[in-house]
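Notes for the one structure printed next.
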Amino acid sequence: MEKILVLEDEVDIGNLVAFNLRRTGYDVEVEHDGREGLGRILKEQPDLVTLDLMMPGMDGYQVLKEMQRDPRSYKIPVLMLTAKSQLDDRIKGLELGASDYMTKPFSPRELILRIQSLLKLTRKTSFVEDFVFGPFRFDQNNLSFYLNNEPISLTVTESKLLLFLCQRSGQPQSRNNLLRVVWGFSDGVHSRTLDTHMKRLRQKLGDSSKLIETVRGVGYRISL
């Protein structure tokens, strides 16, 4: 059973999220303090974290920063659940390593679908050989990524995005298709999630980021 840690300062909302997730079959724990929540993340290493930004003890932004710095937690997908609806707030969370976001109030059904999509990225199936593309090597069994044989810390979402492009090298991939395949969004959904993840990915790839091309009016393409 997959374990989800809900970090939410409002007790009623935390209980509502936990109720819907437990009803779907997940093992759920709730924490109302950011610092305490981070400690549980590092100790228990849940399969996914839902994170409110306005937390006592330590706010959600700092929790994200600490998760990205620690090898025990940087691969754990994080879904932001926040009352902050300003675009800059959402982008900041994504830039700090969140996998996706939802604003309050939210639909419990959409919450479940978003979580199922994120967890699907992390599930291991049967053994798969490493995928190599130019300077990139994807160890799909251990969810690890190497650039010129040096390990690079990519989140699971960043790794899937890059792998999807590499497996279709030379072919422009539309924004809608990338959002649908990587995040499970429906066609027509407008989101800055893709752009923010691509910005972070390019920063991590350094000079090799020039292999990724922005195709104006379409999306992205990668070529050697």
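Pick from 39, 14: which is at pLDDT 95 or above, in the same structural domain as residue 104 (by TED's automatic domain parsing) and under 21 Å from the mean Cα position of the chain (by Cα)? Before you say what the answer is, go through the steps one by one.
On the way: 14 fails: at pLDDT 95 or above.
Every option except 39 fails the conditions.
For the condition farther than 18 Å from residue 17 by Cα, buried (at least 20 other Cβ atoms within 10 Å of the Cβ) and either basic (Lys, Arg) or free of Cβ contacts under 8 Å to residues at least 40 places away in the same chain (or both), what is the one hit in 114, 90, 72?
Exactly one residue qualifies, and that residue is 90.
Mind listing just one residue for me: the one in the stretch 37-68 that is touching a residue at least 60 places away in the same chain (Cβ under 8 Å) and not in a loop (DSSP other than H, G, I, E, B) and, of those, surrounded by the most Cβ atoms within 10 Å (Cβ to Cβ)?
Among those residues, the one meeting the criterion is 50.
Taking only pairs six or more apart or across chains, which ones have beta-carbon atoms under 7 Å, a first residue in the stretch 1-29 that is touching a residue at least 12 places away in the same chain (Cβ under 8 Å) and small (Gly, Ala, Ser), and a second residue that is part of a strand (DSSP E or B) and surrounded by 16 or more Cβ atoms within 10 Å (Cβ to Cβ)?
Within 7 Å, the pairs are 14/6; 14/30; 18/6; 18/28; 18/30.
Every residue in the stretch 1-52 that is hydroxyl-bearing (Ser, Thr, Tyr) and under 16 Å from residue 76 (Cβ atoms), please.
Across the stretch 1-52, the qualifying residues are 26, 50.
Would you tally the residues in the stretch 197-209 being surrounded by fewer than 19 Cβ atoms within 10 Å (Cβ to Cβ) and touching a Leu at 6+ places or on another chain (Cβ under 7 Å)?
Residues flagged as surrounded by fewer than 19 Cβ atoms within 10 Å (Cβ to Cβ) and touching a Leu at 6+ places or on another chain (Cβ under 7 Å) within the stretch 197-209 amount to 2.
Among the residues of the stretch 139-157, is there at least one that is assigned to a helix (DSSP H, G or I) and either closer than 23 Å to residue 48 by Cα or of a type in the set (D, E, K, R) (or both)?
yes
The values are calculated or read from the model by the stated rules, or taken from the named source; none is laboratory data. Nothing here was measured: the structure is a model prediction, and the numbers come from that model. With ideal geometry, Cβ positions are generated from the backbone for all residues, glycine too; neighbour counts draw on all protein chains shown.
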